[in-house]
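This report refers to the structure that appears directly beneath it.
No value in this document is a laboratory result; all are computed from the given coordinates. Since we're looking at a predicted model, the values are computed, not measured. FYI the Cβ positions are ideal-geometry reconstructions off the backbone, even for glycines, and counts take in every protein chain you see.
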Amino acid sequence: MTQIKTTGPKITRRQALSVAAALPLFTILPQRAQAAEFTYKLATGQDPSHPVNKRAQEAIDRIRTATNGRLEIRLFPANQLGSDTDLLSQVRNGGVEFFNQASSVLSTLVPAAGIVNTGFAFNDYEQVWTAMDGALGKYVRAQIDKVGLVTVSKPWDNGFRQITTSSKPINGPDDLRGLKLRVPSAPMLSTLFSALGASPTPINFNEVYSALQTKLVEGQENPLAIISTARLYEVQKYCSLSNHVWDAYWILGNRKAMDRLPKDIQEIVMREFEKSATDERADIATLSKTLRADLQAKGLQFVDVDKKAFKAALGKTTFYKDWRGKFGEEAWKLLEDNAGTLA
């Protein structure tokens, strides 16, 4: 009979099986991890190294711990689950439970979300956060809620947007004339650059690098954190610090998916994403101070422009009047209460 070798007295296989049968099952078999009661997806368009994804993952980890594993959220960065416009559809039909979306793109579904992108409205972050953590932010969240989406935290920071080009530096508004410039699928940004004489070309973000590389467009506009993490400096030569638009990120949830979660889990989700919103804002503030030197070291040439000249040129068009009419007096007043009178 085959025997099992041990360091002590030899026992037979029959004896070993007899002993095993007398032991509780959990002492023999490895314990399986408890399966999550809810498994959701969070999709973003940003590179994994972007603060949005780092802070989102931290929130996800805290949520898993705080719910004792009942809610498992899986992060899919860098447009893995589709382009910005694809994800907007997916989160509405429930294919994706959570996603991160910029106000500029969200405005195609919720027009009021685009009011924060009004050209040259905000001068600094003091104005931005007073508005977004106050009445204007509350107004925008209410409009988002009407389309069946849930804002699971206060807005995150996408940053002030800057103009990059490969063909020539943009020193003033006249340099924009005829420039073929990539913009997101966002009416506000298209009309802004059309008013300044450029030729805006809407392209989804996952196609931006190749569009710049193949010269389909000469330039694009994005915050410095995106220019860095998406390595756009590899296919662009100049960066004009125009601060032409501030943009928010919203962590949004499908309403039905959120309602399926027990109340205590909903509260944990909102609490932890709220904390990560604060942390991500601090990250972007830090990067805003350091990225210029980092990008210069990688070959990007910076141009300090007179922002007032751009705003004055815009004020000579019907841009502000047209958008005031589209947003309505209530929303426009909330914007001007924080940004000041816009011509």
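Tabulated data for the structure shown
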{"quantity": "Bins of 10 Å from zero: percent of alpha-carbon pairs in the chain", "calculated": "5, 23, 30, 19, 8, 5, 4, 4, 2, 0"}
{"quantity": "Value of relative contact order over the stretch 38-339, rounded to a whole percent, pairs C-alpha under 8 Å and six or more apart", "calculated": "27 percent"}
{"quantity": "Semi-axes of the equivalent ellipsoid for the stretch 181-290, Cα gyration tensor, largest first, Å", "calculated": "33, 18, 14"}
{"quantity": "Total formal charge among the other residues, if their Cβ is under 14 angstrom from that of residue 314, Lys/Arg +1 and Asp/Glu -1", "calculated": "+4"}
{"quantity": "Mean-position separation - Cα centroids, the stretch 239-277 and the stretch 167-202, in angstrom", "calculated": "29 Å"}
{"quantity": "Charge dipole (debye, nearest 20) of the stretch 149-214; +1 at Cβ of Lys and Arg, -1 at Cβ of Asp and Glu", "calculated": "20 debye"}
{"quantity": "Charge tally in the Cβ shell below 9 Å around residue 249, where Lys, Arg are +1 and Asp, Glu are -1, residue 249 excluded", "calculated": "-3"}
{"quantity": "Cross-link pairs 180/215; 54/275; 180/298; 168/307 - those with Cα-Cα distance over 20 Å", "calculated": "180/298"}
{"quantity": "Debye, to nearest 20: dipole size of the chain, +1 on Lys, Arg Cβ, -1 on Asp, Glu Cβ", "calculated": "1180 debye"}
{"quantity": "Relative contact order (percent, whole number), the stretch 47-139, Cα cutoff 8 Å, 6+ residue spacing", "calculated": "14 percent"}
{"quantity": "Surrounding net charge for residue 157, when Lys and Arg each add one and Asp and Glu each subtract one, Cβ distance under 9 Å", "calculated": "-2"}
